[in-house]
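These notes are about the structure you will find just below.
Just so it is clear, none of the values below were taken in a lab; they were calculated from the coordinates. Here the structure is a predicted model, which means the values were calculated and not measured. When we count neighbours, we look across all protein chains shown, and the Cβ atoms used for this are built from the backbone with ideal geometry, even at glycine.
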Amino acid sequence: MTWLAEASRTVTTESTPHAVGAVGYPSLFLLVFLGALVPVVPTGALVSSAAVVAVHRTAPFALALVFLTASSAAFLGDIALYWLGRRGLRSKNGSRWLEAIRSRAPEERLAQARGKLTEHGIAVLVLSRLVPAGRIPVMLACLMAQWPLRRFARGNLPACLAWAATYQVIGILGGSLFSEPWEGVVVAVALTVVVSAAPGVWRRVRAAG
C-alpha cells in the first residue's frame, strides 16, 4: 500500500495543473474509451479514483474536467462499439466485435433487455449504464431491434452523463472521508466493486432460495 500512498502524494502535492491536464485527463479518457470497447476495464473505479484525486486538489474545475472527460469517453466508446456492432450485423460473415457483444449478453439477460426495450424504449437505455452488467445486453437488444445510430446516441448521451456523475459522487464521498488521497482511492474502489457485485450476489441468493 506504500507505493499507492506515495503515488497519491505525488499527484496531489507535486504535480502542477499543467502536468495533471497533460497526463491525467488524456489517460482517463483513453482508459474509459477502451473500457467501453472492451468491457473488462474497471471504468467506474477509474472515474471514482480520479474524482478522489480531484477532491484532494480542492479544485472544483478539476472535478468538472473529470466529469466531462469520463462522460465524453464513455459516450464515444459506446458509439464506436455500437457502430462496429451494426457493421457486423450487415456483414454476411459477422464480425469479432459483434461476437464479443453477444458473448457478454447471456440469452436470459438479452431476452429481458429486449422485452424492456420494447416496453419502455430509450428509458431502458438510459438506465442500462447504471445497472452493473446491464449495458451490453441492452446495446445488443438495440442492435437486434435495428435502432439507427442516431437514435441510440440520443438515449446513450444521458446514460453516459448519469453514469459519470454516479461514479464521481462515489469518489467524492470516498475522498472527503480521509485526509490521504490513497485512503479515499481504496474506499472508492471498494465501493465500486460492491456496487458492481451486488446484483449478481442478489440473483444467486434468490436462485438458491
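Extension gain, ARG90 to LEU130: 0.36 nm times the residue separation minus the Cα-Cα distance gives 11.5 nm.
Computed 3J(HN,Hα) for the stretch 131-138, one whole-Hz value per residue from the Karplus formula 6.51 cos²θ - 1.76 cosθ + 1.60 where θ = phi - 60°, is 9, x, 6, x, 5, 5, x, 5, glycine and proline marked x.
Here the dipole of the stretch 31-111 is about 320 debye; that uses its Cα centre as origin and unit charges on the Cβ of Lys and Arg (positive) and Asp and Glu (negative).
Computed about its Cα centre, the charge dipole of the stretch 24-190 is approximately 860 debye, with only Lys, Arg, Asp and Glu carrying charge at their Cβ.
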